[in-house]
Amino acid sequence: MLQKLSISNYALIDNLEISFDQGLNILTGETGAGKSIILGALSLILGQRAESRYFFNQQKKCVIEGSFKIGAFHLKQFFEDNDLDYEAETVLRREISADGKSRSFVNDTPVNLNALKALGERLIDIHSQHATLEINDPEFQLLVVDAVAKHDELLDSYRSKFRAYKKAISKLQQLIDESDKAKADLDYYQFQFDELEKAGLSADEQELLEQELYSLNNAGEIKRNLLGAFYLMEEGETSAIIQLREAGHQLLSLEKFNPQIAELHQRLNSTVIELKDIATEIEIIEQRTHTNEVRAEEINTRLSLIYNLQKKHRVNTNAELLQLQDDLSGKIQQAVFGDEAIEKLKEQLNIDKAELDKLAAKLSANRKKVIPLIEEQVLQTLAEMGMANSNLKIELSSTAGHSSPLGGLGADGIDVVRFLFTANKGHALAEMSKVASGGELSRLMLSIKSLIAKNTALPTIIFDEIDTGVSGEVANRVGLIMQRLAENLQVITITHLPQIASKGQSHYFVYKDEESATTYTRIKQLGKDERILEIAKMLSGDNPGESAMQNARELLNS
């Protein structure tokens, strides 16, 4: 339910705050006082588009905030799907700046306008005299039947399995398409795979071969410099090692004079040993280094093969070629063995389809069972509101066996619902929008939603002057129906009829404050005496007499 609505800087409203009660809330006021402005502001937090030209002050931003109790509406999944924090008391806020930029929030978390609208539609249902689209919507009509059938658990189970079934069908089509393509390209894939497999590639082969070829191509320079280094270190008459040995002899003769010289002599000997090892390794490398044109040619041939394969497949490394080889192997396997996976999935789909058919048949049976009850109760409620000659027929047709990929199954089963109606005796039944006036459609919608509210949790319903065209006893009956509806959900009604206004649990009066230089829209909740006066004015005008006051008291007491 809508607990509180705050409006700042919108149309004739500078700042306004309304706290609503749980049952039937009545809004009255003169035409043009601002009742529709309040609804317009409310629609902003329900995701409607906004224009800054409607701002009260063009220099300030417009802020609309609504606080809702949502515990009964099973919305946790919606919050999880939209990555929002779920709160039993949820706040929707919309901020619109003077330049037209808009920001939306749910529990202080920013959301896009589509998410705000999707949530708003689950919390508030605004119905006006001319809002006939919903009542003619097959999805809404099916919702009415399902609400009375009370098979939520069965319907949820069907929907869950149906979503999985649709995904499996998409997966099957994907497998078939991939298998067909793989078969068509099998020879091409096999040729490419064989070429790569024959090459016998390894991940680090290219780098090793390139390094070896570089050494072979520069073998002469390498050998020459290694020989030079070895000569300087060990073979020359003044080689480094010979000179260091001579230095060692000099230190040896001095050890007796200074203990530190002995330590230095030992360190020098260690250095000589290390240099001899280095010289030996240089000699070994030099002896192994030689030109080998045959080996160089082999490496060039191998690298040429690798480079050509990389260029052909538009990659840069052997690792990528090996990955491509694995991918080709997978495609070949799919072409050869893909039919097995397809047949296995088809078998599972047949099992799933049979289970869905059973669930859909149960749903259909439940719906057929409650249709006479819906027709009877809606017509009974219409008769209470002065439409005793109305007739309602609910047709339930089946899509079972249709030659579609889903075999006639839909998101809610195999049923298509169609409401046919006439408000007049002797007239043929037809779609409701074609045979009913705005006032008749409004009373029909009221009847239907009264029925739904007995069986399931509905969002807050706002009726915007749907009582146009009724008066007297019919208006009184419409008010009684609204009062009854409000036993199960929150109802907010904008009305000009005293018979309906008197039925409210809470009564709010919308008026223009014109005492200052600027006109403001204001709202206040009326006390008992104020309600009597307001209803009396609705009965007889601005200066009601005692008879009107007494009539107002009787309406309230009734």
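The values are calculated or read from the model by the stated rules, or taken from the named source; none is laboratory data. The structure presented is a predicted model; accordingly, all values stated were derived computationally and were not measured. Reconstructed Cβ throughout: ideal geometry from the backbone, glycine too, with neighbour counts over all protein chains shown.
Summary table
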read-out	value
Top-ranked residue in segment 376-430 [being within 19 Å of residue 161 (Cα to Cα) and outside any loop (DSSP other than H, G, I, E, B); ranked as nearest to the chain's Cα centre (by Cα)]	410
Residue count, segment 212-249 (criterion: touching a residue at least 40 places away in the same chain (Cβ under 8 Å) and among the hydrophobic types (A, V, I, L, M, F, W, C))	9
In segment 71-97, the residues that are of a type in the set (D, E, K, R) and either within 30 Å of residue 60 (Cα to Cα) or over 17 Å from the mean Cα position of the chain (by Cα) (or both)	85, 87, 89, 93, 94, 95
Filter result for the condition that a residue is touching a Lys or Arg at 6+ places or on another chain (Cβ under 7 Å), farther than 20 Å from residue 460 by Cβ and not assigned by TED's automatic domain parsing to the domain that holds residue 65, over 149, 164, 98	149
When residues of segment 93-107 are limited to those that are of a type outside the set (Val, Ile, Thr) and part of a strand (DSSP E or B), the one modelled with the lowest pLDDT	102
The listed residue being more than 60 Å from the chain's Cα centre (by Cα) and not in a helix (DSSP H, G or I), out of 291, 271, 280	291
The one condition in (1) assigned to a helix (DSSP H, G or I); (2) among the hydroxyl-bearing types (Ser, Thr, Tyr); (3) surrounded by 13 or more Cβ atoms within 10 Å (Cβ to Cβ) that residue 90 fails to fulfil	(1)
Neighbours by Cβ (under 8 Å, 6+ apart or cross-chain): first from segment 399-411, touching a residue at least 40 places away in the same chain (Cβ under 8 Å) and under 13 Å from residue 361 (Cβ atoms); second of a type in the set (S, T, N, Q) and surrounded by 13 or more Cβ atoms within 10 Å (Cβ to Cβ)	409/399
Some residue of segment 360-373 being without any contact (Cβ under 8 Å) to a residue 40 or more places away in the chain, outside any helix (DSSP H, G or I) and out of contact with any Leu (no Cβ under 6 Å at 6 or more places or on another chain)	no
Counted residues, segment 16-35 - those being of a type in the set (S, T, N, Q), modelled with pLDDT under 90 and over 30 Å from residue 74 (Cα atoms)	1
Cβ-Cβ under 8 Å pairs, at least 6 apart or on other chains, segment 4-24 side assigned by TED's automatic domain parsing to the domain that holds residue 511 and farther than 29 Å from residue 71 by Cα, far side part of a strand (DSSP E or B) and of a type in the set (Lys, Arg)	12/512
Qualifying positions in segment 481-491 - over 23 Å from residue 536 (Cβ atoms) and crowded, with 24+ Cβ neighbours inside 10 Å	485, 490, 491
Selection status of residue 500, within 18 Å of residue 27 (Cα to Cα) and touching an Asp or Glu at 6+ places or on another chain (Cβ under 7 Å)	yes
When residues of segment 299-327 are limited to those that are of a type in the set (Val, Ile, Thr) and closer than 14 Å to residue 204 by Cα, the one surrounded by the fewest Cβ atoms within 10 Å (Cβ to Cβ)	317
Residue match in segment 471-480 (condition: farther than 20 Å from residue 35 by Cα, buried (at least 23 other Cβ atoms within 10 Å of the Cβ) and of a type in the set (Ser, Thr, Tyr))	no
Residue list for segment 513-533, filter: under 29 Å from residue 22 (Cβ atoms), surrounded by fewer than 20 Cβ atoms within 10 Å (Cβ to Cβ) and not hydroxyl-bearing (Ser, Thr, Tyr)	513, 522, 524, 525, 526, 527, 528, 529, 530, 533
Residue list for segment 196-211, filter: exposed (fewer than 15 other Cβ atoms within 10 Å of the Cβ) and touching a residue at least 12 places away in the same chain (Cβ under 8 Å)	197, 202, 203, 204, 210
Checking residue 59 against (1) in a loop (DSSP other than H, G, I, E, B); (2) surrounded by 15 or more Cβ atoms within 10 Å (Cβ to Cβ); (3) among the polar types (S, T, N, Q), the condition it does not meet	(2)
Given (1) over 30 Å from residue 326 (Cα atoms); (2) at pLDDT 85 or above; (3) surrounded by fewer than 15 Cβ atoms within 10 Å (Cβ to Cβ), index of the condition residue 261 fails	(3)
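This table checks each residue for (1) at pLDDT below 90; (2) surrounded by 15 or more Cβ atoms within 10 Å (Cβ to Cβ); (3) under 17 Å from residue 147 (Cα atoms).
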| site | (1), (2), (3) |
| --- | --- |
| 376 | no, no, yes |
| 387 | yes, yes, no |
| 427 | yes, no, no |
| 430 | yes, no, no |
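Conditions (1) touching a Cys at 6+ places or on another chain (Cβ under 7 Å); (2) in contact (Cβ under 8 Å) with a residue 24 or more places away in the chain; (3) in the same structural domain as residue 22 (by TED's automatic domain parsing); (4) assigned to a helix (DSSP H, G or I), marked per residue:
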| position | (1), (2), (3), (4) |
| --- | --- |
| 473 | no, yes, yes, yes |
| 477 | no, yes, yes, yes |
| 488 | no, yes, yes, no |
| 500 | no, yes, yes, yes |
| 511 | no, yes, yes, no |
| 516 | no, no, yes, no |
| 537 | no, no, no, yes |
| 542 | no, no, no, no |
